Amino acid sequence: MADPVTLVTPTPVPFFVSIAIYFALIGYIGWRAAKSTKTLSDFFVMSGKAGALVGGFAYFASQYSMSTFMGVPAITYATGFAGMSISVPGLAFSMIIPALFVGRKLMIMGKKYGFLTMTDYLSDRYESNAIRAVHAVMMIGFLVAIMGAQTVGAGVILRTFTGLPEWMGVVGMGVIVICYCMAGGMKGAMMTDVLQGFLMVTTAIVTFAVSVKAGGGLSHITASLADANPAYLTHPGAKSNFPWASYMSMIVMWSFFTIGQPTLFTKFFTMKNYETMFKAVILGTLGMLLSATLIEWAGANAIVSVQGLTGKQTDFIVPMLLQGNLNPILASILIAGVVSAGMSTIDALLVVATSGVSRDIYQNLINPRASEAQIFKLSRWVTVGIGICGIAIGIIKPASIFSMIRFAFGGLGIWVAPVILGMYWKKASRTGAIVSVIFGEALYIAMKAKFSTWSFGFDPLIVCWAATMWVMVLTSLYTQPASKETIARHFDRLIPRGKAPEEPAATAQPHVA
């Protein structure tokens with residue numbers, strides 16, 4: 001089998017020119033953001049002033065990763081249209097469901113109580129520094145793993161288009177993201193996400209159009225796939241990779257379990273008001289659906305026009321479509337859209353992981369008397385340190401991009417249990433939350449490592465989360481709930497009567513079991 005890099009002819013000059021212009025724009029946006037980032041609230045949540053455009057694009061740009069433009073089209077190329085079930089159905093609800101379940105309430109609490117992180121919410125709801133420590137440590141570990149996975153894709157892209165070593169791409173992307181996040185924090189990350197999100201949508205649209213033209217039109221592509229293997233057009237796919245249990249798992253994973261992702265959870269603290277959040281949800285959902293549908297559809301279309309790819313070669317289907325059908329300069333510009341998918345995820349991960357160290361661990365557990373100026377300064381240095389860790393993982397590359405992302409996503413998804421029960425059940429207790437997440441994480445790691453058959457064909461995250469919920473409910477019934485004051489703050493007094501419409505009550509009334 002040929003080396004995947006030889007499938008795409010290196011075009012270093014157009015690639016470097018296009019990437020240099022793109023990085024210059026990113027740098028300028030980061031510089032502008034840095035000038036207006038003066039406080040810790042600015043650095044972590046834009047002081048809750050994000051508009052609909054920035055909020056919507058930042059949410060979906062953070063949700064997308066390098067695997068969306070490389071790993072997932074490879075799956076549709078190998079399996080046919082069934083492969084689109086890996087994310088497209090779930091993305092239809094991936095912003096709507098978190099907004100309905102937790103977004104509205106989080107936005108209000110962020111403004112009312114000054115929450116800056118997901119850990120802030122959990123610690124306050126359960127009156128516990130222990131849960132703050134457990135969540136912060138787990139969160140940092142999982143986020144750094146995802147960060148490293150994103151930089152791997154940049155290394156592959158650099159090697160493919162220039163012939164240079166992969167580690168140079170890993171380091172280059174890492175350094176650029178570190179710089180604008182260190183300077184501008186969340187504001188730098190979310191403002192650059194607008195450019196990156198626009199470029200991702202453009203790349204998806206053009207790649208799809210190119211794949212249709214190269215395949216001779218949609219009718220010809222469909223007929224050709226039916227002749228080659230009718231399974232390309234149906235479930236469970238050409239390789240039977242997506243039976244109904246797997247299909248349902250993907251829908252639930254990419255919609256409901258985004259609630260437990262700190263990078264997306266925190267976005268609700270950045271929103272101006274409910275009207276802004278509503279518009280951001282609509283904009284972000286449309287952006288995600290359009291991009292994911294078209295880029296994954298392009299992978300299926302390419303079965304006709306780019307034949308015979310196997311193994312790791314399939315990861316190059318998008319670069320091959322672009323370079324084989326467009327001039328080198330335009331192809332290189334659109335490849336920046338693939339790079340954007342990684343950068344927009346890394347910057348969100350980096351800022352949130354930084355908050356875990358500087359705010360959740362240092363400010364709240366080690367040195368509560370530290371001033372905001374001290375934490376602000378520390379946060380910038382922590383950003384550098386965590387960024388270097390992500391670069392190191394990208395160079396070492398302990399597993400495939402998609403494998404690392406799926407594992408870390410699942411580990412963070414376990415935390416949906418204490419979030420949901422904390423939001424809607426007054427008896428949810430500190431002991432129940434801590435015991436259940438430790439149990440859930442241990443079970444998840446065990447199932448991923450050795451006991452995959454325990455999941456009965458579903459993704460292990462779904463089974464482990466269900467078990468975590470049961471453990472938390474049972475433990476909470478026999479342990480002491482939060483104090484009456486905390487319950488009042490999180491439920492009864494959250495929205496005093498007479499408040500303005502932009503700070504509405506929670507979407508559902510809490511109940512007592």
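The values are calculated or read from the model by the stated rules, or taken from the named source; none is laboratory data. A quick note: this is a predicted structure, and the numbers were derived from the prediction, not measured. No Cβ is skipped: glycine too gets one built from the backbone with ideal geometry, and neighbour counts run over all protein chains shown.
Details
- The lone criterion from (1) within 30 Å of S246 (Cα to Cα); (2) free of Cβ contacts under 8 Å to residues at least 24 places away in the same chain; (3) not aromatic (F, W, Y) left unmet by K377 is number (1).
- Selection of region 363-377 for residues being at pLDDT below 90 and assigned to a helix (DSSP H, G or I) yields Q363, N364, L365, E372, A373, Q374, I375, F376, K377.
- Test result for G457, in contact (Cβ under 8 Å) with a residue 24 or more places away in the chain and in contact with an Asp or Glu (Cβ under 8 Å, 6 or more places away or on another chain): no
- Out of F316, F257, one residue alone is over 20 Å from T76 (Cα atoms) and part of a helix (DSSP H, G or I). It is F257.
- Test result for A231, buried (at least 18 other Cβ atoms within 10 Å of the Cβ) and in a loop (DSSP other than H, G, I, E, B): no
- Some residue of region 48-59 being under 30 Å from T234 (Cβ atoms), in the same structural domain as L350 (by TED's automatic domain parsing) and in contact (Cβ under 8 Å) with a residue 12 or more places away in the chain: no
- Verdict on F93 being part of a loop (DSSP other than H, G, I, E, B), within 23 Å of the chain's Cα centre (by Cα) and either under 22 Å from N301 (Cα atoms) or of a type in the set (A, V, I, L, M, F, W, C) (or both): yes
- For region 159-192, the set of residues classified as buried (at least 24 other Cβ atoms within 10 Å of the Cβ) and among the small types (G, A, S) consists of G169, G174, G184, G185, G188, A189, listed by residue number.
- The single residue among L122, L116 that is part of a loop (DSSP other than H, G, I, E, B) and of a type outside the set (S, T, N, Q) turns out to be L116.
- Within the set R132, R159, the sole residue that is more than 28 Å from I420 (Cα to Cα), basic (K, R), in a helix (DSSP H, G or I) and more than 20 Å from the chain's Cα centre (by Cα) turns out to be R159.
- Of the numbered criteria (1) under 22 Å from T270 (Cα atoms); (2) touching a strand residue (DSSP E or B) at 6+ places or on another chain (Cβ under 9 Å), the one L143 fails is (2).
- Options P73, P98; residue that is in the same structural domain as M139 (by TED's automatic domain parsing), part of a helix (DSSP H, G or I), modelled with pLDDT of 85 or more and under 17 Å from the mean Cα position of the chain (by Cα): P98
- Unmet requirement for G422, which otherwise passes all of (1) of a type in the set (G, A, S); (2) touching a Lys or Arg at 6+ places or on another chain (Cβ under 7 Å); (3) within 30 Å of T151 (Cα to Cα): (3)
- Residue match in region 204-217 (condition: within 20 Å of the chain's Cα centre (by Cα), in a helix (DSSP H, G or I) and in the same structural domain as I386 (by TED's automatic domain parsing)): yes
- Close pairs (9 angstrom Cβ cut-off, 6 or more residues apart or separate chains): not assigned by TED's automatic domain parsing to the domain that holds V357 in region 114-141, not in a helix (DSSP H, G or I) anywhere: none
- Test: residue in region 274-283 that is modelled with pLDDT under 85 and either assigned by TED's automatic domain parsing to the domain that holds T117 or within 25 Å of D347 (Cα to Cα) (or both): yes
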